[in-house]
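S.K.: Before I ask anything, let me first share the structure, which is written out below as structure tokens.
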Amino acid sequence: MTTTSPPAQPAALSARRRWTVLAVCALSMFLVGLDTTIVNVGLPEIGRGLGVGTRDLEWVVDAYTVVLAGLLIASGALADRFGRRRVFQCGLVVFGLASLACAVAPSLGFLVAARALQGVGASMLSPVALAIVVNAMPDPRERARAIGVWAAVFGLSMAAGPVTGGALIAAFGWRSVFWINLPVIAAALVLVAVFVPESHGQRDRRLDLPGQALLILALGLSIGVLIEGPRIGWTSPPALVGYALVVATAAGFVRVELRRREPLMDLGLFRRPRFATAVLGAVAVFIALNVSLLLNTLYLQHARGWTPLEAGMATLPMALGATLCAPWSGNLVGRLGPRRPLLLAGGFTAAGGLCLVNLAQHTSVLLLLLAYLLIGIGFGFANAPLTNTAVSGLPKSRAGVAGAITSTARQIGSAVGIALAGGLITGVDPADIARASRPGWLLVTACGLFLLVVARASQEVAAPARKTP
């Protein structure tokens, strides 16, 4: 096996240069998160424009998240081998071309394929951005703050997506949510070329093509069963075949990974309770967020007749909560460790879900806004401590893989959340959407309560040592 010596540039970078690298990577990460949720608020308009229903529209969101989740780890390995900046730039180009294809899509099939291509490009940005940031920050305390900022920006972008999408759709139509990516990508390409240094992994990792193929199949089949289940029937022969295929591909993936010397996913990490609960916590957080966003979109636009802009503006409290609390969470993690931010994340998320478990056709707008604010606060507090808990206590050689698995878990949560929320609403009369969505808000509450379990597991993560005056 060939090895490459990593550049020694991190220690040579000035503080201003290091934080500039973080800012550039954060800009690109903002796009990845934004495109996970910006489409949500536009789904009814896309459906009207392309003449399709809610169930088919779920694939517009999940084609992106499934491909992104399936390729994150492999893209990280490619970046370690061929250069992180090079792969990062390639990801920006692919993402930009796919955004252009989405903007001009003439049919649903074309749009879903273009969204899948967007997921390919995004997979080259998310783990690579984190690796670049970690590589540029040699000091552990500074690195913890940088990871907090990185996670906060990604979380903020997810929460800001519906507001941004609603404003763009109101002004320029649904295609504008894809056109807006192009100037941002052009600026990011210039900034990366000027400010981001090239770096490589400590050693080359072989690509695990069988594991990669089985992972994408397992994810795609699982989400497909969740999306199509309400239509074909959960106990119908096609559904039973789907369950069998999910089990077979998942078992095949585990078998392949346990037998390879250099697996795509290091399953041994899941023997660490802190890591396993942090990964499940990441899934839970993004299930809660995406269930909330999609139920908000369909309830407000279909049941109450709000416009996309009005539905997007309703999520402003969520974006505000995430904006204010995400950097605060990063600071808390850097000073005190992950437990307290996780307790806050779980408590606020559960409280937000409880506000809407009895949602009705004419529920007070103030109660809706309060619920979204509480969920946004919970989401803002969650990301930084989850990332910290996943990578804490691991050697640097495994921290990158741990971060990539956590990023994969977030996207799996996004895809599952969309599929579950859509399944609750598919085929439901607009007057019954509020009642049908109540199990979704119970699910949001349960996800918040699970974060309290993650907080308990994170207690063993030692808080960073405080500097003595």
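S.K.: Cβ under 14 Å from residue 99's Cβ, residue 99 left aside: what net charge do those residues give with Lys, Arg +1 and Asp, Glu -1? Numbers along the way, then the final one.
M.R.: Values: positive: 115, 175; negative: 35.
Residues near residue 99 contribute +1 overall.
S.K.: Also, I was wondering about something else. On a 1.4 Å probe surface of the protein chains, which of 362, 200, 302 comes out largest in accessible area, and what is the full order?
M.R.: On the way: 362 155, 200 50, 302 70 Å².
The ranking, largest first, comes out as 362, 302, 200.
S.K.: Okay, moving on. Pull out a ≥ b ≥ c, the square roots of the eigenvalues of the alpha-carbon gyration tensor of segment 45-184, then state rounded if a/c is under 1.5, prolate if not and a/b is larger than b/c, and oblate in the remaining case. Numbers along the way, then the final one.
M.R.: Numbers: a/c = 2.39, a/b = 1.76, b/c = 1.36.
Judged from the Cα gyration tensor, segment 45-184 comes out prolate (a/c at least 1.5, a/b above b/c).
S.K.: Same structure, new question: At 1.4 Å probe radius, can you tell me the per residue accessible area of the chain in Å²? Numbers along the way, then the final one.
M.R.: Details: 17960 Å² over 469 residues.
Counting only protein heavy atoms, the per-residue value for the chain is 38 Å².
S.K.: Please give the contour-minus-distance gain from residue 258 to residue 104: 0.36 nm per residue of separation, less the Cα-Cα distance, rounded to one decimal in nm. Don't skip to the answer; put the middle values down first.
M.R.: On the way: separation 154, 0.36 × 154 = 55.44 nm, distance 4.34 nm.
Here the segment from residue 258 to residue 104 would lengthen by 51.1 nm.
S.K.: For the chain, give the magnitude of the charge dipole about the Cα centre (Cβ charges: +1 Lys/Arg, -1 Asp/Glu; no others), in debye to the nearest 20. Working shown, then result.
M.R.: Values: 37 positive and 19 negative charges, 324 e Å.
Charge dipole, the chain, about its Cα centre: 1560 debye, nearest 20.
S.K.: While we're on this one: Could you rank the peptides 228-236, 66-74 by their average count of other C-beta atoms within 10 Å per residue, with the highest value first? Working shown, then result.
M.R.: On the way: 228-236: 14.4, 66-74: 26.6.
Taking the mean over residues of other Cβ atoms within 10 Å, the ranking is 66-74, 228-236.
S.K.: Follow-up question, since we're still on this one. Using a 7 Å offset from the Cα along the Cα-to-Cβ direction at both residue 431 and residue 82, what is the distance between the two label points in nm, to one decimal?
M.R.: Placing both labels 7 Å along Cα→Cβ, they lie 5.7 nm apart.
S.K.: Report the accessible area of residue 266, computed with a 1.4 Å probe over the heavy atoms of all protein chains in place, in Å² rounded to the nearest 10.
M.R.: 50 Å²
S.K.: In whole angstrom, note down how far apart the Cα centers of segment 181-238 and segment 300-344 are.
M.R.: So the two Cα centres are separated by 25 Å.
S.K.: On to the next question. Could you state how much accessible area residue 209 has, in square angstrom rounded to the nearest 10, with a 1.4 Å probe and all protein chains kept in place?
M.R.: 120 Å²
S.K.: Along the charge dipole of the chain, Cβ charges K/R +1 and D/E -1, which of 229, 137, 427 sits furthest on the positive end?
M.R.: It is 137, whose Cα lies furthest towards the positive end.
S.K.: Please check which bits of segment 32-70 a label hung off residue 236 would reach, taking the label as a point 7 Å along Cα-to-C-beta and the cut-off as backbone N under 20 Å.
M.R.: Backbone N within reach: 52-60.
S.K.: Once ligands and nucleic acids are excluded and a 1.4 Å probe is used, how much of residue 164 is accessible, expressed in Å² to the nearest 10?
M.R.: 50 Å²
S.K.: Give me the percent relative contact order of the chain, please, defined on Cα pairs under 8 angstrom at least 6 residues apart.
M.R.: Numbers: 904 pairs, mean separation 110.4, N = 469.
Across the chain, relative contact order equals 24 percent.
S.K.: A further question on this structure: Keeping the other protein chains in place, figure out the carbon and sulfur percent of the accessible area of segment 224-360, with a 1.4 Å probe.
M.R.: Values: 3860 of 5760 Å².
C and S atoms contribute 67 percent here.
S.K.: Right, another one. Any chance you could give the angle, 0 to 90 degrees and rounded to 10, that helix 84-103 forms with the longest Cα principal axis of the chain?
M.R.: That helix lies at roughly 20 degrees to the long axis.
S.K.: With each run of n ≥ 4 DSSP H residues scored as -39500 (n - 2.57), what mean residue ellipticity at 222 nm is computed for the chain after dividing by its residue count and rounding to the nearest 500 deg cm²/dmol?
M.R.: Numbers: 20 runs with 362 residues, N = 469.
Roughly -26000 deg cm²/dmol at 222 nm, from the helical runs in the chain.
S.K.: Probe radius 1.4 Å, ligands and nucleic acids left out: which of 222, 458 has the largest accessible area, and how do the rest follow?
M.R.: Values: 222 40, 458 0 Å².
In descending accessible area the options line up as 222, 458.
S.K.: Indicate the gyration tensor shape class of the chain (rounded, prolate or oblate), computed on the Cα atoms with a ≥ b ≥ c the square roots of the eigenvalues: a/c under 1.5 is rounded; otherwise a/b larger than b/c is prolate and the rest oblate. Let's see the in-between values first.
M.R.: Working: a/c = 1.43, a/b = 1.33, b/c = 1.07.
Rounded, since a/c falls under 1.5.
S.K.: For 355, 90, write out the residues from largest to smallest accessible area, computed with a 1.4 angstrom probe and no ligands counted.
M.R.: Largest accessible area first, the residues go 90, 355.
S.K.: Between residue 176 and residue 142, what is 0.36 nm times their sequence separation minus the Cα-Cα distance? Round to one decimal in nm.
M.R.: Net length gain for the segment: 8.5 nm.
The values are calculated or read from the model by the stated rules, or taken from the named source; none is laboratory data. Owing to the predicted nature of the structure, the values given are computational and were not obtained by experimental measurement. Because the Cβ atoms are built from the backbone with ideal geometry, glycine has one as well, and the counts that use them run over all protein chains shown. Please note that ligands, DNA and RNA were not included when accessible areas were found on the heavy atoms of the full protein model with its side chains. Shrake-Rupley method; radii C 1.70, N 1.55, O 1.52, S 1.80 Å.
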